[in-house]
Amino acid sequence: VDPRLTVSEGHRVSDTVYMRVRSAHPEVQDVLVHIDPEDDGELQAVPPGPLPERAEILAQMRELLGPNAPEPRRVQLHYLGQRIEVEIVLPTPMDDDALAALRERRLDWLQNHPHYRNIRVFFEPAL
């Protein structure tokens, strides 16, 4: 499945497959559906060492955002191909200077931290 599906959507896909198999083959008693966000057949270069855990990543992203950035509303981590993609949602946009500085820090971070495939920052003001 698409690696950015939510867990609940992955469960929905699994439930749909389960029901279709059971409907098409009534003799089948049980079905185990494995939902995988990666193509295990693709060979990928793996950075050395273990991937950081969520608490460490959150601390690193806080440092990356800088001291004046608002507290993230949400941080999603995607562990794909032995690398990490991070999506950070902030409640308010940054001014142009702060955004330019963040872009520079992000590029430097990605060059110096091979476990990170990408870091995306989104702004989602409250409605």
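No lab work stands behind these numbers, since they all come straight from the coordinates. Just so we're clear, the structure is a prediction, and the values are computed from it rather than from any experiment. Using ideal geometry, Cβ is built from the backbone for each residue, glycine included, and neighbour counts are taken over all protein chains shown.
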(message) Only bridges whose two residues both fall in the chain count here: according to DSSP, what percent of them are antiparallel, nearest 5?
(response) 50
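What ratio of Cα Rg to 2.2 N^0.38 Å holds for the chain?
1.38
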(message) Ignoring everything except DSSP H segments at least 4 long, calculate the 222 nm mean residue ellipticity for the chain; use -39,500 (n - 2.57) per segment, divide by total residues, nearest 500.
(response) -12000 deg cm²/dmol
(request) Using a 10 angstrom cutoff on alpha carbons, build the Gaussian network for the chain and name the most mobile of Ile84, Ile57, Ile35. (result) Ile35
(request) Note down the magnitude of the dipole of segment 54-123 about its Cα centre, charges +1 on Lys and Arg C-beta and -1 on Asp and Glu C-beta and zero elsewhere, to the nearest 20 debye. (result) 320
(request) Round to the nearest 0.05 the FRET efficiency obtained for Leu77 and Phe122 when R0 = 22 Å and r is the Cβ-Cβ distance. (result) 0.95
(request) State, in angstrom, two size descriptors of segment 54-123 derived from its alpha carbons: Rg to one decimal place and Dmax to the nearest whole number. (result) 11.6, 34
